[in-house]
Amino acid sequence: MSIARRNPLNSIAAHSVLILYVLIALFPVWVILINSFKARRAIFAEPLALPSPGTFSLIGYQTVLKQGDFFQYFQNSMIVTVASLFFILLFGAMAAFALSEYRFRGNTLMGLYLALGIMIPIRIGTVAILQLMVASNLVNTLTALILVYTAQGLPLAVFILSEFMRQVSDDLKNAGRIDGLSEYTIFFKLVLPIVKPAMATVAVFNMIPIWNDLWFPLILAPGESTKTLTLGSQVFIGQFVTDWNAVLSALSLAILPVLVLYVIFSRQLIRGITSGAVK
């Protein structure tokens, strides 16, 4: 039995810290949500107060839905995020399986090379990436964003998944080979179901940065038909006057998909994070 379970004070202290962390993390989200339902004057007069009959207003949501192609921006963000996560998980899992299952010359060096991608920000190569996209005629396309985000997320995916792949029983894989299963069948039918928690962890860690990114959409896909939700929301931020009702409403709507995806992956995420600590 752990010390925290034997000593109630330690348990209370641990839960108090966790509750405090949750409150600090959710406080900005709460402020955005409540102020998105207020009139402009009430946002600055009482930013922490709940909407009242005198301050309640939906003008921000009406502006977002009428001005700008909000649903197009939302669709672009969903396509880019979901497609990027799909390729990150697919190629990351396959690379992790190869590095953990097969021994070949340069195996360790390849793993270290991929780990460099975690330490070196991809934005350092923005100029070279832009030149490559221009030469490939991919500027102002969602494909450009998907390729960049896939490259950005692969190092972390390989790093996390390779550790989980090594924990998969060799007896299980060898039994599949004895039964005549191909390496692809072993990978998709035997290994992937076991490492689902790790894949959920990778998905959550990559999902939020991709969804919230402004840098690459601004540089690679600034066209009206390819704007993401984060970039499209900038239309409400002016040089002299900012429509804070619309900005807060757009942010509130942008939070919803992230929350939904987190709920979908939450159980697998918790299992993936704790599986390395619980033996």
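Read-outs: derived from the displayed coordinates by stated rules, not from any lab. Note that the structure is a prediction, hence the values are computed from the model and not measured. Every residue, glycine as well, gets a Cβ built from its backbone with ideal geometry; the counts of neighbours run over all protein chains shown.
Structure values in brief
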read-out	value
Computed Kirkwood radius, in angstrom, where 1/r is averaged over Cα pairs of the range 191-258	14.0
Unit charges on C-beta of K, R, D, E only; dipole of the range 1-107, Debye	220
Debye log10 I(q)/I(0) at q = 0.12, 0.19, 0.21 Å⁻¹ for the range 42-171, Cα point scatterers	-0.70, -1.08, -1.20
Rh (Kirkwood; distinct C-alpha pairs) - the range 131-200, Å	14.6
Overall Cα dimensions of the range 55-95 - principal axes, largest extent first, Å	54, 21, 6
Ellipsoid semi-axes in whole angstrom, largest first, where each is sqrt(5λ) of the Cα gyration tensor of the range 94-135	28, 12, 8
Extreme residue, positive dipole direction of the chain, given options Leu156, Ala250, Val235 (C-beta unit charges)	Leu156
Normalised contact order of the chain, rounded percent, pairs of Cα under 8 Å and 6 or more residues apart	28
Residue with peak Gaussian network fluctuation, the chain [Cα springs, cutoff 10 Å], from Thr226, Thr185, Thr126	Thr185
The range 27-136: relative contact order as a whole-number percent, Cα under 8 Å and 6+ apart	15
Chain lengthening between Ile79 and Asn140 when straightened (0.36 nm per residue, less Cα-Cα)	20.5 nm
Assigned charges on the beta-carbon of Lys, Arg, Asp, Glu; the chain dipole about Cα centre (debye)	560
Span-like helix ranges in the chain, DSSP H, alpha carbon extent 27 angstrom or more, Kyte mean at least -0.5	8-35, 70-101, 142-165, 244-275
Hydrodynamic radius (Kirkwood) for the chain, which is based on Cα pairs only, to one decimal in Å	21.9
Packing-based order for 55-67, 33-45, 105-117, using average beta carbon neighbours within 10 Å, highest first	33-45, 55-67, 105-117
